[in-house]
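Note sheet for the following structure.
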Amino acid sequence: STQIRLRNCAKTFADGTRALAPFDLTIEGGETIVLLGPSGCGKTTILRMIAGLEFPDAGGVISFDGDDVTRQSIEKRRVGMVFQSYALFPNMTVAENVAYGLKVHGVPSAERDARVDAMLEMMHIDMLADRRIDQLSGGQRQRVALARAIAVQPRVLLLDEPLTALDAKLRVRLRTEINALLRKLGITAVYVTHDQEEAMALGDRIVVMQKGEIAQIGTPREIYRKPQNPFVADFVGAANRMTGQMRDGRLHIGAHVFDAVDAFDPRHGAILDQGAVELYFRADGLSPCDLDEAHFTGRVEAVSYLGERLRLTVSGIGSQAVTIDTHADDVIEAGADVHCRVNADRLTVFPAV
Ligand code: ADP
Ligand code: MG
């Protein structure tokens, strides 16, 4: 399957909007890359550049398996696309929609029928073959859009927030199916989303974007556990904050000292040994404990029951309230004191700004 390289690609639109700063990105053959970031950060623009619907500014080069496709049209590139809004032909049947691209590509009718059948079966919509698009649910339409995109055996599959319009349960189910489908086809895929969980579930690697720039590229595990800068940490859910000091490579929080905590300085791309730091962490960065092993004592402001655990909102530890998870069957009420210890390996440490 096809390797995609983007070199020195930037995009400024005709009205002067600078959508993308120059960036490099290599997508390996068969890999699923997820572009993750808030609305307006440039995800769709990258996808459209790979498709040939948008061209990079002068100096940018896009290649497929080493062949320069920078100025090539979408037809020549053989990409399959699926969007949030379905872009299906509403007055055609499901089978006609899936057959459409094959017809355009001149696939003979007998082979066309066989391939349409196979695609419909793969997407579990064979029983809907003769329905019209406007008679389908949102989830069914996205199945048709996927079937249509892969029917032409594209070199690369581009998916732009394909599940965003669907309800939560269906989104998870289709996401699982898309994951299985991409593995089965072994196709190179670029998947755009603003949903962190979707990105984690689907990506071999995730490209986190911020305002037209790549903030980090990494596996889901790297992005989740080793965010390289505060933006990524915050975007992937490390919403709690505390302050501390690095001294001789050890982390000091109040009177407590923690070893083996890596503090990364994104401004210098180096480990930080000295100076004021900000700690980012999720609800597992602190745990309730007995007084004798506690680093801090705070006050429970609120308790929410999340089924498999309790989530506490606690004041008096950081400068703002922090969230802390505990066992679902613990009995803790708002207004109580809670003793906590720090799980230093769950902290991400950046220089204070
Ligand atoms: P995302 O998909 O991450 O939400 P986009 O790639 O759609 O972001 O847009 C990136 C930026 O470029 C935004 O500021 C958007 O308003 C702008 N933009 C997108 N398309 C155009 C266009 N055709 N002309 C001018 N500005 C555009
Ligand atoms: Mg978009």
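Looking only at residues in the range 256-304 that are among the charged types (D, E, K, R) and free of Cβ contacts under 8 Å to residues at least 60 places away in the same chain, the one that is surrounded by the fewest Cβ atoms within 10 Å (Cβ to Cβ) is D292. Here A99 meets each of (1) closer than 21 Å to Q142 by Cβ; (2) assigned to a loop (DSSP other than H, G, I, E, B); (3) of a type in the set (G, A, S) with one exception, condition (2). Taking V144 as the residue in question, decide whether it is surrounded by fewer than 22 Cβ atoms within 10 Å (Cβ to Cβ) and either of a type in the set (S, T, Y) or closer than 30 Å to S109 by Cβ (or both). In short, no.
Sub-8 Å Cβ pairs linking a first residue in the range 48-69 that is in the same structural domain as I27 (by TED's automatic domain parsing) and more than 16 Å from T2 (Cα to Cα) to a second residue that is among the hydroxyl-bearing types (S, T, Y) and modelled with pLDDT under 95, at least 6 apart or interchain, number zero.
Let's see how each residue does on (1) closer than 27 Å to Q153 by Cβ; (2) within 16 Å of ligand 2 (Cβ to nearest atom); (3) over 19 Å from the mean Cα position of the chain (by Cα); (4) surrounded by 15 or more Cβ atoms within 10 Å (Cβ to Cβ):
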position	(1), (2), (3), (4)
F13	no, yes, yes, no
V34	yes, yes, no, yes
E54	yes, yes, yes, yes
G59	no, no, yes, no
S63	yes, no, yes, yes
V69	yes, no, yes, yes
M81	yes, yes, no, yes
Q84	yes, yes, no, yes
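Within the range 309-321, the set of residues being more than 12 Å from P288 (Cβ to Cβ) and either without any contact (Cβ under 8 Å) to a residue 40 or more places away in the chain or hydrophobic (A, V, I, L, M, F, W, C) (or both) comprises T313, S315, G316, A321. Within the range 119-148, take every residue that is under 19 Å from T164 (Cα atoms) and assigned to a loop (DSSP other than H, G, I, E, B) and give me the one that is farthest from the chain's Cα centre (by Cα). Per the criteria, the residue is L136.
The values are calculated or read from the model by the stated rules, or taken from the named source; none is laboratory data. These figures come from a predicted structure and were not determined experimentally. No Cβ is skipped: glycine too gets one built from the backbone with ideal geometry, and neighbour counts run over all protein chains shown.
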